[in-house]
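Student: The structure under discussion is supplied below as structure tokens; questions concerning it will follow.
The values are calculated or read from the model by the stated rules, or taken from the named source; none is laboratory data. If you're wondering where the values come from, they're calculated on a predicted model, not measured in any experiment. Glycine also receives a Cβ, built like all others from the backbone with ideal geometry; neighbour counts cover every protein chain displayed.
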Amino acid sequence: MNRIHGKRAVVLGGAGFIGSHLCERLLADGASEVISLDNFVTGDERNLAALRMNKRFVSLHHDITEPFSFDGPVHYVFNMASPASPIDYAQLPIETLRVGSLGTENGLRLAHHKGAVFLQASTSEIYGDPMVHPQREEYWGNVNPIGPRSCYDEAKRYGEAIVAAYRRAYGVSTRIVRIFNTYGPRMRLNDGRVVPAFVGQALRGEDFTVFGDGSQTRSFCYVSDLIDGIVRLARSDVEEPVNLGNPREQTLLQFAEAVRAAMGGSSHIRFKPLPQNDPQQRQPDITRARTLLGWEPRVRLEDGLRETIAYFRSVAEHPGAYPSH
Ligand code: NAD
Ligand code: UDP
């Protein structure tokens, strides 16, 4: 059943990479109105260019750590707002903690007031540097509470806690998605995450910067697969956290090879120091998503990379038309 059709949705952080794809999908599914609230700290109005003429779409400039409300019904609140790349949250540690705590609570207040479903974008980072592999939702994680990543990890752990508390205390209908590394068009070329980093380096004819010895693992999910899982979760009645990600795990060295193959370039590897507390391994166990949502990723890495590379080529060829800060 399409429970989005005819519904009004608020997307917090709608001008970001994932948020903008989500806005597009909700409109395509027939939402009566989609309202994005974003302070553009890491997002950009240009991510919403395709929606500018859509009469059912509204983009508002607002910092969600400040209260907000709307006249009329709201059926869904999607909280995608937070700096998300390690470079972004290292530069914005207080903002990251504030949006994850105050911002999440403001979103929950709106959902409580309107009787809306609240969907929280959580993250595989709540598992920290995991001692259990692959990561299942039952695992409680291994996070350094004062390390350089803690502003993000602990904000997201607090986010899950306050979502659970609003559900228990006020009966708010909540969903929690634990997103694993996701990539695709509209990532920022210089946000420091490995996909834009490697693709950008290959486009410029530079070497790949591999942190550490490249033996750490990640599992990369294409954005359309993730959005499909998020919408399935929103439409479901599943209140426990659900991992969404692609279980195809690889080392960073293997991933560099995949980018090189996809781009036909000749970039070599330049090793750089491993950032502190960089998780050594990460792979989602998606049994819960498969069982409860009938979801699994469909896009092959080769195909997702082709789309992503085409986007970054356009960014490089038309500076100014796309976000690049
Ligand atoms: P992004 O930086 O592109 O998007 C985040 C958006 O939130 C931006 O548009 C930013 O301007 C906005 N924002 C931040 N603080 C705000 C505030 N105080 N008020 C209003 N808007 C604010 O990042 P993304 O990759 O699209 O991530 C979206 C969500 O998904 C985040 O919550 C992130 O933690 C989560 N997530 C992403 C990944 C991934 O691989 N991309 C993995 C795990 C979790
Ligand atoms: N990484 C790398 N070179 C880069 C950027 C990142 O080797 O230029 C590594 C990073 O150390 C991590 C992995 O790639 O092990 C994924 O990093 P990213 O920042 O994309 O996401 P994370 O999973 O760390 O949040």
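Student: Of the residues Lys7, Lys55, which is more than 13 Å from ligand 1 (Cβ to nearest atom), farther than 21 Å from Leu189 by Cβ and in contact with a His (Cβ under 7 Å, 6 or more places away or on another chain)?
Tutor: Lys7
Student: Name the residues in the range 222-259 that are among the hydroxyl-bearing types (Ser, Thr, Tyr), under 16 Å from the mean Cα position of the chain (by Cα) and not in a helix (DSSP H, G or I), would you? Walk me through it before giving the result.
Tutor: Narrowing the range 222-259 to residues among the hydroxyl-bearing types (Ser, Thr, Tyr): 222, 224, 236, 251.
From the residues that got through so far, the ones that are under 16 Å from the mean Cα position of the chain (by Cα) too are 222, 224.
Passing the criteria: only Tyr222.
Student: Could you please find all residues in the range 263-302 being small (Gly, Ala, Ser) and away from ligand 2 (no atom under 14 Å from the Cβ)?
Tutor: The answer is Gly264, Gly265, Ser266, Ala289, Gly294.
Student: Restricting the search to the range 83-95, which residues are within 10 Å of Cys151 (Cβ to Cβ) and buried (at least 24 other Cβ atoms within 10 Å of the Cβ)? Step through it out loud before you land on a result.
Tutor: Kept after step one, since they are within 10 Å of Cys151 (Cβ to Cβ), are these residues of the range 83-95: 83, 89-90, 92-95.
Result: Pro83, Tyr89.
Student: On to the next question. Which members of the range 1-39 meet the condition of being in contact with a Phe, Trp or Tyr (Cβ under 7 Å, 6 or more places away or on another chain), of a type outside the set (A, V, I, L, M) and buried (at least 24 other Cβ atoms within 10 Å of the Cβ)?
Tutor: Cys23
Student: Identify all residues within the range 186-235 that are in contact with a Phe, Trp or Tyr (Cβ under 9 Å, 6 or more places away or on another chain) and charged (D, E, K, R); write none if there are none.
Tutor: Arg186, Arg188, Asp191, Arg193, Asp213, Arg218, Asp225, Asp228, Arg232
Student: May I pose another question? Would you check if there is a residue in the range 239-249 being free of Cβ contacts under 8 Å to residues at least 60 places away in the same chain and touching a helix residue (DSSP H, G or I) at 6+ places or on another chain (Cβ under 9 Å)?
Tutor: Checked against the condition, which is being free of Cβ contacts under 8 Å to residues at least 60 places away in the same chain and touching a helix residue (DSSP H, G or I) at 6+ places or on another chain (Cβ under 9 Å), the range 239-249 yields at least one hit.
Student: Of the residues that sit in the range 183-221 and are within 10 Å of ligand 2 (Cβ to nearest atom) and part of a strand (DSSP E or B), which one is nearest to Gly320 (Cα to Cα)?
Tutor: Tyr183
Matching residues to (1) under 18 Å from the mean Cα position of the chain (by Cα); (2) over 21 Å from Ile18 (Cα atoms); (3) surrounded by fewer than 17 Cβ atoms within 10 Å (Cβ to Cβ):
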{"site": "Leu97", "(1), (2), (3)": "yes, no, no"}
{"site": "Arg109", "(1), (2), (3)": "no, yes, no"}
{"site": "Gly115", "(1), (2), (3)": "no, yes, yes"}
{"site": "His133", "(1), (2), (3)": "no, yes, yes"}
{"site": "Arg157", "(1), (2), (3)": "yes, no, no"}
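Student: Suppose we keep only residues that are closer than 20 Å to Val231 by Cα and among the small types (Gly, Ala, Ser) within the range 16-49. Which one would you say is nearest to ligand 1 (Cβ to nearest atom)?
Tutor: Taking the candidates together, the pick is Gly16.
Student: Assess whether Gly141 counts as being buried (at least 22 other Cβ atoms within 10 Å of the Cβ) and within 15 Å of ligand 1 (Cβ to nearest atom).
Tutor: Numbers: buried (at least 22 other Cβ atoms within 10 Å of the Cβ): no; within 15 Å of ligand 1 (Cβ to nearest atom): yes.
When the stated conditions are applied, Gly141 does not pass them.
Student: Glu240 - would you say it is surrounded by fewer than 18 Cβ atoms within 10 Å (Cβ to Cβ), at pLDDT 95 or above, under 30 Å from Asn144 (Cβ atoms) and among the acidic types (Asp, Glu)?
Tutor: Working: surrounded by fewer than 18 Cβ atoms within 10 Å (Cβ to Cβ): yes; at pLDDT 95 or above: yes; under 30 Å from Asn144 (Cβ atoms): yes; among the acidic types (Asp, Glu): yes.
Yes, satisfied.
Quick grid of which residues meet (1) of a type in the set (D, E, K, R); (2) at pLDDT 95 or above; (3) touching a Lys or Arg at 6+ places or on another chain (Cβ under 8 Å):
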| site | (1), (2), (3) |
| --- | --- |
| Val143 | no, yes, yes |
| Ser150 | no, yes, no |
| Ile162 | no, yes, no |
| Tyr166 | no, yes, no |
| Arg178 | yes, yes, no |
| Asp191 | yes, no, no |
| Val195 | no, yes, no |
| Asp225 | yes, yes, yes |
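Student: Could you give every pair whose Cβ atoms fall below 8 Å, whose first residue belongs to the range 157-172 and is more than 11 Å from Glu105 (Cα to Cα), and whose second residue is of a type in the set (Asp, Glu), counting only separations of at least 6 or pairs across chains?
Tutor: Sorted first by the residue in the range 157-172, then by its partner, the pairs are Arg167/Glu239.
Student: Let me ask something else about it. Taking Arg288 as meeting all but one of (1) surrounded by 19 or more Cβ atoms within 10 Å (Cβ to Cβ); (2) in contact with a Ser or Thr (Cβ under 9 Å, 6 or more places away or on another chain); (3) of a type outside the set (Val, Ile, Thr), write down the number of the exception.
Tutor: (2)
Student: Being among the small types (Gly, Ala, Ser), out of contact with any His (no Cβ under 9 Å at 6 or more places or on another chain) and within 22 Å of Ser122 (Cβ to Cβ) is the filter here; which residues of the range 177-211 pass it? Spell out how you get there, then give the answer.
Tutor: Taking the range 177-211 as the starting set, the residues that turn out to be among the small types (Gly, Ala, Ser) are 184, 192, 197, 200, 202, 205.
Going one step further and asking which of them are out of contact with any His (no Cβ under 9 Å at 6 or more places or on another chain), we end up with 192, 197, 200, 202, 205.
Gly192, the sole residue that qualifies.
Student: So which strands (runs of 3 or more DSSP E) are wholly in the range 29-138 and hold at least 3 residues that are away from ligand 2 (no atom under 16 Å from the Cβ) and farther than 27 Å from Tyr170 by Cβ?
Tutor: In the range 29-138, the matching strands (runs of 3 or more DSSP E) lie at 57-61.
Student: Starting from residues that are under 15 Å from Tyr76 (Cα atoms) and in a loop (DSSP other than H, G, I, E, B), keep the ones in the range 1-28 and report whichever is nearest to ligand 2 (Cβ to nearest atom).
Tutor: Gly13
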